[in-house]
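Reading through the structure tokens given below for one structure.
The values are calculated or read from the model by the stated rules, or taken from the named source; none is laboratory data. Quantities reported herein were computed from a predicted structural model and do not represent experimental measurements. We place every Cβ from the backbone using ideal geometry, glycine too, and count neighbours over all the protein chains shown.
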Amino acid sequence: MTRDHVPWPPEVAARYRASGHWRGQTFGALLTSLSAAYAERTAVVGERDGAVTRWTFAELDERAHRIAAGFAGLGIGDGDRVVVQLPNVPEFVPVVFGLWRAGALPVFALPAHRHSELTHFAAQSEAAAILTVEQHDRHDHAAMARDVAAEVPSVRHVLALGSAEFDGLAATAPRELPDPDSEGVAFLQLSGGSTGLPKLIPRTHDDYLYSVRESARICALRPDSVYLAALPVAHNYPLSSPGVLGALHAGAATVLAPRPDPDTAFRLIESEGVTITGVVPPLAAAWVQAAARTERDLSTLETLLVGGAKCGRELAERIGPALGCRLQQVFGMAEGLVCYTRLDDPEPIVLATQGRPISLDDEIRVVDPDNPAASSTDVVAAGEVGALLTRGPYTIRGYYRADEHNATAFTPDGFYRTGDLVRRGPTGHLEVVGRTKEQINRGGEKLAAEEVENHLMAHPGVLDAAVVGVPDEYLGERTCAYVVPAAGAAPTAPELRRFVRERGVASFKVPDLVVVVDVFPVTGVGKTSKRELRAALAALTKEG
Ligand code: OOB
């Protein structure tokens, strides 16, 4: 039988407990203690449909208690999964803490996800409910969730913010609920994916809280800090690196930006006195450009974290002067490991590396990049580029219900194969130089080539498809789909793009370019050579 969750070996778990990394506290219990310590301070500021909400820690705590009781009243708790698809609205925070207090596991979908992804998350996790919004960005999320519920038998409830049903749930009288096991799974995060559909990542209260606590410390959050969540808040980066949870942990306020564009972000930085935020490189570039013309006062901003994709040297150098703040690079993954440049690192390190791990107990191995099955002992010489393997107190030992995939995604001794190519410097800082995984990183949004290939191959006019990333000045890379047509008229590029979109996938997965070819180049063993496809495209782009 396939396991839901691969726990850390007992002796390793004992070590993490003994060293104080795992403290036996759940997120629900954390909020209780934060509410006692910071009761009247602002915890969350956000907007929904133009209305601004501000909650103190005490108000947030009470709301989370009511929502927890509401879920319990629906019979949802005790390990039940609930797909949460919310944009950056204030309710996100009490909903997630409410689910935690009820003992349920949020499954964090992104607002960009569409029918095919949502169905996969609900089915794979056997979710009991979907919690969403009525409308967002002109998309009817509630209708989509109801369609998914009709297809996935485990889904008994669809709750949309603003509906009478949700309002009733949020108005339930609070009651004491049993605190879940801190070493049990708290929620399921999404992987960027490299094979087929995204995998679900089980994170425990203990492991995640350790990374949150340390992130808050490394980023120097204090009660008078103000964190702006500019990126979609369900993502691991704005959630915990240091994110909303890091800010709450420090007693600081979180401001949720409905959109990440410079106009919205700069307005909020000025009006709320934002001190710290995190963005992906293309957004950093847009902010840098806009800062030259803005009349907003950005002087409260102390730290801009940049990560999710490689921040090039040129951009790194422009951030401080343009925005009047310091740059902090972050290289992390929903599976666990997060690296930061430190606030006291010398400038060359901050500009040229993606940081060093949170914990001295994060074990790092840089191994033979040419062997996908390299073991943790196949390490390359110091300073050489290799494939990054890691294990530690907040890095998972296996994906959720994925024994087969886990057999190759982890080494036998429990290291996660990140699929990233890195170089490690003498100070332990990592420089990310590339990837071995079949994943495309489109400005921080990750997609598995195979997932898009499968959508393309569902078209009757497509015999074969290969999706590759191509360098892009703004996004870092864009997607290009090569297709070999089936007999008859070849489908056109616009037709294939529309086809993929209409299959209900996030728009960042719709190929940016489509190239129709007669045959694919092959490798020595007869596999499609993506390396040659990329080279052909580079040549084509140069000619063009
Ligand atoms: C973050 O998490 P994910 O799960 O969306 O993506 C993880 C992957 C990494 O394995 C790496 O390939 C890439 O994203 N990545 C970077 C990077 N940060 C992430 N590649 C180069 N330079 C960087 N600075 O993206 C994430 C999670 C927590 C904090 C920050 C980012």
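Looking across the range 332-356, just one residue is closer than 14 Å to E214 by Cα, of a type in the set (S, T, Y) and in a loop (DSSP other than H, G, I, E, B), and that is T341.
Condition check: at positive phi, modelled with pLDDT of 95 or more and in contact with a Pro (Cβ under 9 Å, 6 or more places away or on another chain). Does G308 satisfy that? Judged against the criteria, G308 is a match. Criterion first (under 30 Å from D403 (Cβ atoms), of a type outside the set (K, R) and within 16 Å of the ligand (Cβ to nearest atom)) does P198 satisfy it? Yes.
Filter the range 327-348 for residues that are acidic (D, E) and away from the ligand (no atom under 15 Å from the Cβ); which is farthest from F415 (Cα to Cα)? Within the range 327-348, the match that is farthest from F415 (Cα to Cα) is E347. Output the qualifying pairs, or none if there are none: Cβ atoms under 8 angstrom, residues six or more apart or on different chains, first residue in the range 270-297 and touching a residue at least 60 places away in the same chain (Cβ under 8 Å), second residue away from the ligand (no atom under 16 Å from the Cβ) and assigned to a strand (DSSP E or B). Pairs that qualify, where the first residue is touching a residue at least 60 places away in the same chain (Cβ under 8 Å) and the partner is away from the ligand (no atom under 16 Å from the Cβ) and assigned to a strand (DSSP E or B), are E272/V45; E272/V226; E272/A253; E272/V255.
Checking the structure you have, find out if any residue of the range 318-326 is out of contact with any helix residue (DSSP H, G or I) (no Cβ under 7 Å at 6 or more places or on another chain), touching a residue at least 12 places away in the same chain (Cβ under 8 Å) and not hydroxyl-bearing (S, T, Y).
yes
Within the range 212-228, one or more residues are under 21 Å from L110 (Cβ atoms), away from the ligand (no atom under 13 Å from the Cβ) and buried (at least 23 other Cβ atoms within 10 Å of the Cβ).
Restricting T390, T353, T395, T377 to residues that are more than 29 Å from L200 (Cβ to Cβ) and within 15 Å of the ligand (Cβ to nearest atom) narrows the list to T353. Residues in the range 451-468 that are of a type outside the set (A, V, I, L, M) and more than 16 Å from the ligand (Cβ to nearest atom) were compared, and the one that is surrounded by the fewest Cβ atoms within 10 Å (Cβ to Cβ) is P460. Taking the range 255-269 as the range and being within 18 Å of A322 (Cα to Cα) and either free of Cβ contacts under 8 Å to residues at least 12 places away in the same chain or of a type in the set (G, A, S) (or both) as the test, the residues that pass are T264, A265. I364 satisfies every condition listed in (1) within 11 Å of the ligand (Cβ to nearest atom); (2) assigned to a strand (DSSP E or B); (3) hydrophobic (A, V, I, L, M, F, W, C); (4) over 21 Å from F266 (Cβ atoms) except (1). Taking first residues from the range 129-143 that are touching a residue at least 24 places away in the same chain (Cβ under 8 Å) and partners that are surrounded by fewer than 24 Cβ atoms within 10 Å (Cβ to Cβ) and among the aromatic types (F, W, Y), the Cβ contacts under 9 Å between residues at least 6 apart in sequence or on separate chains come to L131/F166.
If we scan the range 386-394, do we find a residue that is buried (at least 21 other Cβ atoms within 10 Å of the Cβ) and over 22 Å from the mean Cα position of the chain (by Cα)? So far as the range 386-394 goes, yes, one or more of its residues are buried (at least 21 other Cβ atoms within 10 Å of the Cβ) and over 22 Å from the mean Cα position of the chain (by Cα).
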